[in-house]
Amino acid sequence: MEIYLVFVDTIRNSNKFWSAIVEDGNLTVQWGRVGYQAQTKVHTLGNHQRAVSKFNNLVAEKMMKGYRRSQSQIDSNCEVSEINRAIELLEIIRPYVEQRNFSVAYINALNQYLKIVPTPLGMQIEPYRVYRSVEDVDYQMELLNSLLTTPAPIAVAVGHAPEATAEPKVVSLKTISKNFWRHL
């Protein structure tokens, strides 16, 4: 039993994650800023039932605070509807970036997108700098579309030619942060 949650509010400079996993009688919790070293705490609870109960309580608490289910990486195992929703949000964001109009609607779409695709944005989030140009938005759409159109056994490393592997296709957020988000 495990979960990965995110809380994003670019106006308030919040881009956090919280994850938990139950293994036997232990509950391991990790939290921090997306893209940064996580803090970890292991709750030794003695049995699986107590660990699950603590897990459920903590998840409910985080969800009440505004955290949303997400994933630490986007891969071919991700629900197609989530990938499609992320692409739709980028299509909403694109004209705002093109017109350099960073209104409330842009901020709302950006926040929704970052909840689906947790992205390392540095310690100080400047919403108007997340996408510098429509090319940046298009590149992100290309990455997401590649998950929908390429067979699962092809691995994609951003900035490199695809290599055939036996693993599912993964677009690593760590790879994206090193290449795409370098300007932040």
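Taking the range 108-136, which residues are part of a loop (DSSP other than H, G, I, E, B) and surrounded by fewer than 15 Cβ atoms within 10 Å (Cβ to Cβ)?
Met123, Gln124, Glu126, Arg132, Ser133
Within the range 62-80, is even one residue over 17 Å from the mean Cα position of the chain (by Cα) and either at pLDDT 95 or above or open to solvent by less than 40 Å² (accessible area, probe 1.4 Å) (or both)?
Yes - at least one qualifying residue is present in the range 62-80.
Sort out which residues of the range 15-71 are touching a residue at least 12 places away in the same chain (Cβ under 8 Å) and assigned to a helix (DSSP H, G or I), and write them in order of number.
Those that are touching a residue at least 12 places away in the same chain (Cβ under 8 Å) and assigned to a helix (DSSP H, G or I): His48, Arg50, Ala51, Val52, Lys54, Phe55, Leu58, Val59, Lys62, Met63.
Given the criteria out of contact with any strand residue (DSSP E or B) (no Cβ under 9 Å at 6 or more places or on another chain), surrounded by fewer than 18 Cβ atoms within 10 Å (Cβ to Cβ) and closer than 27 Å to Met123 by Cβ, does Gln30 qualify?
It is false that Gln30 is out of contact with any strand residue (DSSP E or B) (no Cβ under 9 Å at 6 or more places or on another chain), surrounded by fewer than 18 Cβ atoms within 10 Å (Cβ to Cβ) and closer than 27 Å to Met123 by Cβ.
Looking at the range 93-107, is at least one residue surrounded by 20 or more Cβ atoms within 10 Å (Cβ to Cβ), under 14 Å from the mean Cα position of the chain (by Cα) and in contact (Cβ under 8 Å) with a residue 12 or more places away in the chain?
The answer is no; no qualifying residue exists.
The values are calculated or read from the model by the stated rules, or taken from the named source; none is laboratory data. Every value quoted in this text rests on a predicted model; they were computed, and no experiment measured them. Ideal geometry is used to build each Cβ from the backbone, glycine not excepted, and the neighbour counts take in all protein chains shown. What goes into the accessible areas is simple: the full protein's heavy atoms, side chains included, and nothing from ligands, DNA or RNA. Shrake-Rupley method; radii C 1.70, N 1.55, O 1.52, S 1.80 Å.
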